Amino acid sequence: HNYGKSTIGARTDVENVKIENLRAFYRQYYQPDNAVLMVAGKFEEVSTWALIQRVFGAIPKPQRVLPVTYTQDPVQDGPREVTVSRVGDVQLAGVLYHTAAGSHPDADAIAALCEILAGTPNGRLHKRLVEGKKAVSVGPWNFELAESSYVLFMTELSPDHKLSDVRKGMIEQLENIAKNPITETELRRAKAALLSGIEKTINDPEKLAVQLSESMANGDWRLFFLSRDRIEALTVKDVQRVAQNYFKASNRTYGQFVPTKSPDRITPPAPVDVAQLVENYKGRAAVSEGENFDVRPAEIEKRTQRITLPVGMKLALTPKKTRGETVSGVMQLNLGDEKSLRNQAITSGLVADMLMRGTTQRSRADLASQLDELKTQLSISGSGAIVSVRFDTVRQHLPKVLTLIRDALRTPALAASEFELVVKENLAQIDNQRNEPQGLSSQALAKAMDVYPSGDVRAARSFDEISSSLKTAKLADLKRFHAQFYGVDHAELALVGDFDAAAIQVQIQSLFGHWKSKTPYQRLVSLPRTAQGGETTLQAPDKANAFYQAALPLTLKDDHPDYVPMVLANQVLGGGVKSRLFDRLRQKEGISYGAGSNLAAGSFEPVGMLKLYAIYAPQNLAKLQSGVREELSRFVQDGLSEQELEDAKKSLLEERKISRAQDLGLAAGLVGQLHNGRTMAFTEQIDLTIGKVSLAEVNAALRKHINPAKFLHFYAGDFASAAAKPASRPAAKP
């Protein structure tokens, strides 16, 4: 069955496939009767339908008949095991079980079991393996497919963990549920988490459209809503029965095959007649649609209240009616200064990592459960001088969510057990990057571009330096850092969505109004970098893909007359959907999965950067090098064409418009404005400049700032092994 095959196929498949095979496949499946078109969001229904009819209705109905899948996987006859050995630093262990089709009632019970068994931090496997110090992390992959599916429980180990311990722990937890039954509390938590995700999907037109198309692939769009109803109706008896039917030795794949005289097979369910299943299904009341929000910068500014609290905290509040009464928020804490933050990089990052791992009032598990109950997604991250909070919730729960954020930021538990876990997780992440092409090239680029002295929180560090600092980190240092640096006297908070601005302002003042940092804050001044040029090749043994990165330092500020011309130039070079690097390396030569460029410019100092990147097969190194060199040379010599500039303007303006229509993105932008002392007037001016800038201005700017000889190029991959192979298309999906 094709479910047992990698989507991209075998390496020889990709390298040797005949064009006739591709044409036949295309003609067979790329037809209107095998396609789903979904339109979601803000659009005019009548004209959109007319456009669809005109574009797709003109395509003739195909004469061929689509083949019906008839192969069914046989029931597995015993436990299987397999061991894969190749270069790497992180150990992994997984257990897979065959399950029912995504449309079957058992699929929803399996989804609940994934939360109960492998959710973080409440899952049984997390508590047994991660909190039991046997593994770094554990998580489920639940594949709900049109035909018989499977569920995979994957565990990550550090070098000092034992695979034998994890194998024993996983199997005991998964296959002994009869002896350790599911509890009502576990099921309630799982249902809350699943239903919260479903409600967030319903409230997001883009996500809902994608999910409905997945349901269509399984038979009918209504399966999405039917699944919600089934989850709500799940009982302990349901999940207990499903666990005991599927999670058994004869249905387990951990590795090698072992014959058995007495097979203990699963009982496969009968095929689902989806049409009959959903025939009389009745939906629920429609979710509130929200208002027709005007995303023009001037109109957003009219809506936005900008407030500075007595403590110094800055607020940007943009209330609006949203689908499902959703509200999004972004908060940024700015900490310390160059001197006080010296040698605090690892400590600062670890403190931020600990903030979602419990407060003095709530354990990590309780905090995670409450966020699910409140239908809220909350993340806190940070490093150096910045702590960032991002969240999505709904109007009725916003006050409680703000209180939870206050508790997480102001009174974290900073527990010793969680500190030990977070250090191990960070060490595992470092080990995972040591031999990865992208990790190697990124670190080498950062070191080469570093202009900050050792000890500065912005200074680049090697994997060994980071690892050494993590191993010597002390919990007492984290507690001291939090007590000395955390506060909101130099913080920014933006809210966008359905909320009462006056009431929320009062609450924010009550929650944060007197919390000041004990350490003075002063913005870190960015230092300029010198363009030097050069090439570096890095060996990443036994890796099928290679990664390319290049960088050119720029003297550029985002309010300089050259900024918008350079943004448009970058859009054409590699920043847009259609760009020169992508067209050359993927479309024309077929040697890269993805290629592009990114432009950055300072808001305070004229410190910027232009970066290039590409993913490719190691044996195509020479082709990639010549392709990039030729495109850069042609780009500077010939400049943009009038058509390229017009296309870049249209796509860039549309991207900016879409970003303002997304509440979390708009909130992040407002926080940036608060930090930089700007308003939407700056955004409006950028849009106006994009529309007015001339071709001569763009070409003059790119020739002024871009010198192909000054790029630093880094190539990371298994080039030693690739030397014996012929150049070809890439080997595996990145």
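Helical runs assigned H by DSSP (4 residues or longer) give the chain a calculated mean residue ellipticity at 222 nm of -13000 deg cm²/dmol, each run adding -39500 (n - 2.57) before division by the residue total. Proximity of backbone amide H atoms, modeled 1.01 Å from N, is registered between SER149 and THR99, ALA100, ALA101 at under 5 Å, excluding neighbours fewer than 5 places apart on the same chain.
Highest mean packing comes first when the peptides 471-478, 319-326, 556-563 are listed by Cβ atoms within 10 Å, giving 319-326, 556-563, 471-478. Stretched out straight at 0.36 nm per residue, the stretch from ALA446 to VAL87 would grow longer than its current Cα-Cα span by 126.8 nm.
Given the pairs LYS543/LYS611; LYS471/LYS516; LYS162/LYS543, which are separated by over 29 angstrom at their Cα positions? From the list (LYS543/LYS611; LYS471/LYS516; LYS162/LYS543), the Cα-Cα distance tops 29 Å for LYS471/LYS516. The amide H of GLY602, built 1.01 Å from its N in the peptide plane, has LEU556, ASP558, VAL607, GLY608 as neighbours under 5 Å, considering only residues 5 or more places off or on other chains. All other residues whose Cβ lies under 15 angstrom from that of LYS302 are scored, Lys and Arg at +1 and Asp and Glu at -1, for a net of 0.
Here the simple spin-label model places points 7 Å from the Cα toward Cβ, and for SER467 and ALA275 these points are separated by 6.0 nm.
Apolar share of the accessible surface for the chain: 52 percent from carbon plus sulfur atoms, 1.4 Å probe.
Straight-line cross-link reach from LYS320 at under 20 Å between alpha-carbon atoms covers these lysines, not counting any fewer than eight positions away in the same chain: LYS42, LYS200, LYS302, LYS375, LYS400, LYS657. Of the beta bridges in the chain, as assigned by DSSP with both residues counted there, near 80 percent are antiparallel. Counting only residues at least eight positions apart within a chain, or on another chain, the aspartates and glutamates with an alpha carbon under 19 Å from that of LYS578 are GLU589, GLU630, GLU631, ASP638, GLU642, GLU644, GLU646, ASP647, GLU654, GLU655. Going by accessible surface with a 1.4 Å probe and the largest first, VAL327, VAL14 read VAL14, VAL327.
Placing pseudo-labels 7 Å out from each Cα toward the beta carbon at GLU20 and GLN587 gives an inter-label distance of 3.0 nm.
With r as the distance between the Cβ atoms of ILE171 and VAL75 and R0 = 30 Å, compute the FRET efficiency 1/(1 + (r/R0)^6) and round to 0.05. Step by step, r from the Cβ atoms, then E = 0.95. Per residue, the chain exposes 49 Å² of accessible surface when a 1.4 Å probe is rolled over the protein heavy atoms with every protein chain present.
Listed by chain and number, the aspartates and glutamates placed with their C-alpha closer than 15 angstrom to that of LYS248 are ASP77, GLU81, GLU172, GLU175, ASP264; residues fewer than eight positions away on the same chain are left out.
As a length-normalised measure over Cα pairs under 8 Å and 6 or more apart, the relative contact order of the chain settles at 14 percent. Measuring only protein heavy atoms, the 1.4 Å probe finds SER85 accessible over about 100 Å². The distance linking region 416-465 with region 572-604 is 26 Å (Cα centroid to Cα centroid, whole angstrom).
For the peptides 40-48, 543-551, 384-392, the ranking by packing is 543-551, 384-392, 40-48, with the highest mean count of neighbouring Cβ atoms within 10 Å listed first. Rounded to the nearest 10 square angstrom, ASP77 shows an accessible area of 70 square angstrom against a 1.4 Å probe. In this structure, LYS302 and ILE386 have a Cβ-Cβ separation that, at R0 = 25 Å, corresponds to a calculated FRET efficiency of about 0.25. Using Cβ point charges alone (K and R +1, D and E -1), the dipole size of the chain about the Cα centre works out to roughly 820 debye.
Full extension of the chain between GLN484 and LYS657 gives 58.2 nm of extra length, using 0.36 nm per residue less the Cα-Cα distance.
Shown are GLU418, GLU684, whose ranking by accessible area with a 1.4 Å probe and every protein chain present, most to least, is GLU684, GLU418.
Applying the Karplus relation 6.51 cos²θ - 1.76 cosθ + 1.60 with θ = phi - 60° to region 515-532 yields 3J(HN,Hα) values of 9, 10, 6, 7, 10, x, 9, 8, 4, 6, 7, 6, 9, x, 10, 9, 6, 10 Hz, where x marks Gly and Pro. Take each peptide in 195-207, 294-306, count the other Cβ atoms within 10 Å of every residue, and average; sorted highest first, the result is 195-207, 294-306. For region 108-169, relative contact order (Cα pairs under 8 Å, six or more residues apart, normalised by length) works out to 26 percent. Between GLU44 and LEU695, the contour length at 0.36 nm per residue exceeds the alpha carbon distance by 230.9 nm. Note on region 391-507: Cα-Cα pairs beyond 22 Å make up 57% of the total pair count.
The values are calculated or read from the model by the stated rules, or taken from the named source; none is laboratory data. None of the values given here were measured: they were computed from a predicted structure. All Cβ positions, glycine included, derive from the backbone under ideal geometry; neighbour counts span all protein chains shown. Only protein heavy atoms, including side chains, enter the accessible area calculation; ligands, DNA and RNA are left aside. Shrake-Rupley method; radii C 1.70, N 1.55, O 1.52, S 1.80 Å.
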